[in-house]
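One structure below.
Every number in this text was worked out from the coordinates using simple rules, so none of it is lab data. Quick caveat, the model's predicted, so the values are computed rather than measured. Cβ coordinates were reconstructed from backbone atoms using ideal geometry, including for glycine residues, and neighbour counts include every protein chain displayed.
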Amino acid sequence: MADIAIRQDPQLMATNPPLVHADGYHDLTEQISTIVEGDVFKTPLKYWITLSITGSIVLLLGAMLTYLVSTGIGVWGNNRPIGWAWDITNFVFWIGIGHAGTLISAILFLFRQRWRTSINRSAEAMTLFAVMCAGIFPLFHTGRPWRAYWLMPVPNTDLNMWQNFRSPLIWDVFAVSTYLTVSALFWFTGLVPDLATIRDRATTKVRQWVFGFLSLGWRGSARHWSNYEVAYLILAGISTPLVLSVHSIVSFDFATSVIPGWHTTIFPPYFVAGAIFSGFACVMTLLIIARWALNLHNLITIKHLENMNKIILVTGSFVGYAYCTEFFIAWYSGGVYERFTFVNRAFGPYAWAAWTMYSCNVFIPQLYWFKKMRTSIPVMFMISITTNIGMWFERFVIIVTSLHRDFLPSSWGYFKPTWVDICTFTGTVGLFLTLFLLFARFLPMIAMSEVKGVWAKEKQLFAKETVGHH
Amino acid sequence: MAIDIEQIKDKLGFGEDKIYAVMGEFSDPHDLVHAGRRIREMGYTKIDAMSPFPVHGIDAAIGVPYSKLGWIVICIALCGSATALLLQWWCGTYNYPLVIGGKPLFDFSFSIPITFELTVLFSAFASVIGMFAMNGLPRLYHPSANYRLAHRATDDRFILLVEADDPKFDPQITAEHLKSVGAGTVEVVIG
C-alpha cells in the first residue's frame with residue numbers, strides 16, 4: 001500500500017537523509033515502547049510537576065463550568081450586540097487545531113507522504129483532545145447543557161418536536177460529533193497493532209491484562225493486515241472529505257447569516273486553510289516539547305519539522321490571500337455596510353486585534369522562506385506559538401469585530417472578557433495539555449508498525465543504492 | 001458435577017493434543033515473501049504469515065485474497081445516506097412540518113451536509129467493526145500464541161506457518177519444507 005514511494009528515484013533518495021534512525025526493527029520497538037513501559041514511579045519529576053500544573057488548570061475549568069451552570073450565562077462577557085464572543089471564538093479555535101491531526105493522518109496518507117508516520121499518532125491524539133475542548137464551549141453556551149440531547153434527533157417527551165434541519169447550526173452538531181467519533185475510531189484502529197506490541201512485551205500482570213484487553217487479540221496475521229490496510233485506506237478516504245466538510249460547515253454558521261463580515265462565500269476554503277495552518281502550528285509546539293522531553297530525536301527529525309514548516313508557510317499564505325480577497329471584495333462589492341466593516345476592522349476599536357492577527361498569521365511565517373529559519377528549533381517554536389495566537393485572534397476578529405458594530409449606531413457595543421471567560425479558556429488549555437501528557441506517557445506516541453514499514457523500505461532503497469554503485 | 005476440561009477443550013477445537021500448525025520465523029520481510037511463495041509452490045494452501053507491519057507482496061505470495069471489506073462499507077455507507085435523507089424528510093414534512101423563513105419543508109440541497117456526515121459516520125463504523133469482525137477479533141485465545149517466538153511477531157520477527165488442516169500437511173515433512181526455504185526456529189505448534 002505504502003509502496004508507491006519505492007518507485008521514487010533512488011538517486012533522489014540518496015541525496016535525502018533517511019527519515020528515521022534505528023539499528024533494526026527491535027531497536028525501533030525499544031525506542032518507542034520503553035516510554036510506555038517505564039515504571040510509573042520512576043517517571044521523571046518534571047513530568048509530574050507539569051502534570052500537576054495542567055491538572056490544577058483542569059480543576060479550574062471544572063470550577064468555572066460549575067459556576068457558569070449554577071449562576072447563568074451572564075458570568076461570561078457576552079452582551080448585545082456581541083452574542084457570540086469568546087465561547088464561539090474558542091470553539092472555532094479548538095476545532096481548527098484538530099484539523100491538522102486529520103490532515104496528517106488521512107490526507108498525507110493518501111498522498112503517500114512517508115514522513116507522516118513519525119507524527120501521525122500524536123497529531124491524531126491532538127485532534128481528539130482539541131475536539132473535546134471545542135465541544136465544551138457551544139455545549140455550555142446553550143446555558144442548559146443537561147438538555148444537550150435536544151441537539152440530536154432523539155425522540156423525547158419534553159421537547160416534542162424535531163430539530164430544524166435547514167439550519168447550519170444543526171449541521172454543525174452533526175459535523176462535529178461525526179468528526180469526534182471518526183477521529184476516535186481512526187486513532188484506535190491505528191493503535192491496535194502497537195497495543196499488541198506492548199502486550200507481547202509485557203512483564204507485569206497489569207500491563208498484560210490492560211494491553212491484552214485493548215489490543216483485542218491482534219496477532220499480525222497476513223489476513224489481519226490485508227483487511228486492516230483496506231480499512232485504513234477507507235478511513236483515510238472518508239476522513240479527507242470529512243475534515244474539509246467540518247470546517248466548511250463551521251464557516252456556514254457565519255456565512256449563511258446576513259452580518260457584514262460574515263456573509264461571504266470565501267469562508268469555507270478560508271476557514272479550512274486557517275484550520276490546517278493553526279493545527280500544524282499546534283502539532284509543532286507539542287512535538288518540539290515532546291521531542292525534547294522524551295528524547296525522540298531519532299524518530300522525529302529536523303526533516304519532519306521542516307516539512308511541517310513548509311505546510312505552515314503555504315497555508316499561512318492561503319490565509320493571507322483570503323484576507324486580501326476579503327478587503328478587495330468589500331471595496332469592489334460597493335456595499336456600504338461591507339466597506340464600513342472592513343475599514344472598521346483595520347482601523348476601528350478592535351484594530352489592535354486585527355493587526356495582531358495580520359502580523360502573526362501573514363508576516364511572521366514569511367520567515368520560513370529561508371531554510372535556516374525552517375530548520376531552527378527556537379525559531380520554529382516561537383513561530384508555532386505566534387501562529388496559534390494569530391489564529392485565535394483571527395476567530396476573535398471575525399466574530400467580535402463583525403458583531404460590535406450593528407446596523408444601527410444605537411446598538412453599537414464593545415466586548416470585554418470577564419475573568420470567567422479567561423479562566424474557562426485557560427481551563428480548556430489545561431485539559432488539552434493534561435490529556436496530551438497522559439497520552440504521551442501511557443500510550444505508544446509514535447506508530448511503531450507504520451514507522452517499521454517506512455524503515456524497511458528505506459533500508460531496502462539504501463541497500464539497492466549501495467549495490468548499484470559498486 | 002465434575003467438568004471435564006479436556007472434553008470442553010476438545011469441543012471448542014483446541015484439545016491439547018491437537019496440532020495447530022508448523023511455524024517458522026525469518027528476520028527479514030523479503031525472506032518471508034520469498035519463502036512464502038516457495039511454500040505455496042510446493043502445493044500448500046492453508047498458509048499464513050505474522051508480521052509486525054504489513055509486508056508488501058505477502059498476500060500474493062501465500063494466496064491471501066484481496067479484502068472484501070470495501071463492499072461491506074459501501075453498503076453500510078448507502079444505508080447511512082438513506083437514514084439521513086429519510087430522517088430529514090420524515091421529520092420535516094411528515095411528522096412535524098414547521099415553516100421557518102418560508103423555506104421548503106424538505107429539499108435535497110439543504111439536506112446535503114447531514115446526509116454527508118451520516119454517510120461518513122456509518123462507513124467509519126462499518127470499516128472498523130467490519131475489519132475486526134472479518135479478522136475474527138476480538139478473541140481471547142489463539143493457538144499461534146504457543147509458538148516460542150509468537151510474541152516477536154509484533155516486534156521484529158516475520159513468521160510463516162502452515163496450518164494443520166492443510167490437505168498436504170504432515171508435521172515432519174512440512175517442518176522439513178519450512179526449514180528448506182530458510183525458516184529458523186521451526187516448531188510444530190500444539191493448541
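Let me understand the protein assembly as shown better: what is its radius of gyration from the alpha carbons, and its Dmax, in angstrom?
Expressed in Å, the Cα Rg and Dmax of the protein assembly as shown come to 27.8, 94.
Using Cα-only point scatterers and the Debye equation, what is log10 of I(q)/I(0) for region B:69-134 at each q in 0.12, 0.14, 0.15, 0.28 Å⁻¹, rounded to two decimals?
Each listed q maps to, in turn, -0.38, -0.48, -0.53, -1.09.
Taking B:LYS179 as the anchor, which aspartates and glutamates have their alpha carbon closer than 17 Å to its alpha carbon, excluding any fewer than eight residues away along the same chain?
Output for B:LYS179: B:GLU25, B:ASP28, B:ASP31, B:GLU41, B:ASP48, B:GLU163, B:ASP170, B:GLU187.
Can you list residues whose amide H is under 5 Å from B:ALA21's amide H, if they're 5+ apart or on another chain and H is modeled 1.01 Å from N?
B:ALA164, B:VAL189
If we count every other residue with Cβ under 13 angstrom of A:THR178's Cβ, Lys/Arg +1 and Asp/Glu -1, where does the sum land?
Numbers: positive: none; negative: A:ASP172, B:GLU117.
Once all neighbours under 13 Å are counted, the net charge is -2.
Who wins for biggest fluctuation among B:LEU87, B:LEU32, B:LEU69 in a Gaussian network model of chain B, springs between alpha carbons below 10 Å?
B:LEU87
What do you get for the angle between helix A:267-293 and the principal long axis of chain A? Use alpha-carbon atoms, 0 to 90 degrees, nearest ten.
Taking Cα atoms only, the helix is inclined about 50 degrees.
Report the relative contact order of chain A, percent, no decimals, based on alpha-carbon pairs under 8 angstrom and at least 6 residues apart.
Numbers: 562 pairs, mean separation 147.8, N = 470.
Relative contact order for chain A comes out at 31 percent.
Just give me a number: lysine pairs in chain A, eight or more positions apart or cross-chain, with C-alpha atoms less than 25 Å apart.
11
R0 = 56 Å: FRET efficiency of A:ASP27 with B:THR83, Cβ-based, nearest 0.05?
Working: r = 48 Å, r/R0 = 0.86.
Result of the calculation: an efficiency of 0.70.
Give me, ordered by chain and number, the residues 5 or more places off A:ASN79 or on other chains with an amide H under 5 Å from its own placed amide H.
When sequence neighbours closer than 5 places are left aside, there are no close amide H contacts.
What is the order of B:GLU117, A:GLU229, fewest Cβ neighbours within 10 Å to most?
Numbers: B:GLU117 26, A:GLU229 17.
Ranked by crowding around the Cβ, least crowded first: A:GLU229, B:GLU117.
Whats the longest run of chain B with zero chymotrypsin sites (Phe, Trp or Tyr not before Pro) that are DSSP loop and have at most 14 other Cβ atoms within 10 Å? Walk me through the intermediate numbers first.
Details: sites that count: B:TYR66, B:PHE108, B:TYR141.
Within chain B, the longest run free of exposed chymotrypsin sites (Phe, Trp or Tyr not before Pro) spans B:1-65.
Across peptide B:56-66, how many C-beta atoms of other chains are within 10 Å of each residue C-beta, on average?
On the way: counts 8, 1, 3, 5, 0, 1, 2, 1, 7, 2, 3.
That works out to 3 on average.
B:ILE76: net charge of surrounding residues, Cβ under 15 Å, Lys/Arg +1, Asp/Glu -1, itself excluded? Don't skip to the end; give the middle numbers.
Values: positive: B:LYS68; negative: B:GLU117.
Residues near B:ILE76 contribute 0 overall.
Could you give the nm distance between label points at A:LEU51 and A:ALA148, where each point is 7 Å from its Cα heading toward the beta carbon?
A separation of 2.5 nm, rounded to one decimal place.
Would you work out which of A:ILE377, B:LEU86, A:ALA100 lies farthest towards the positive end of the dipole of the protein assembly as shown, given +1 charges on the beta-carbon of Lys and Arg and -1 on that of Asp and Glu, about the Cα centre?
Checked the options; the winner is A:ILE377.
Starting from the 7 Å offset along Cα-to-Cβ, what nm value, one decimal, do you get for the label separation of A:VAL429 and A:ARG339?
Label-label distance for A:VAL429 and A:ARG339, simple model: 4.0 nm.
Using Cα pairs under 8 angstrom and six or more residues apart, how large is the relative contact order of region B:69-134, in percent? Write out the running numbers ahead of the final one.
On the way: 56 pairs, mean separation 36.8, N = 66.
That works out to 56 percent.
Test of understanding: ordering B:ILE62, A:ILE389 by Cβ neighbours within 10 Å, fewest first, what list do you get?
Details: B:ILE62 25, A:ILE389 17.
Starting with the residue having the fewest Cβ neighbours, the order is A:ILE389, B:ILE62.
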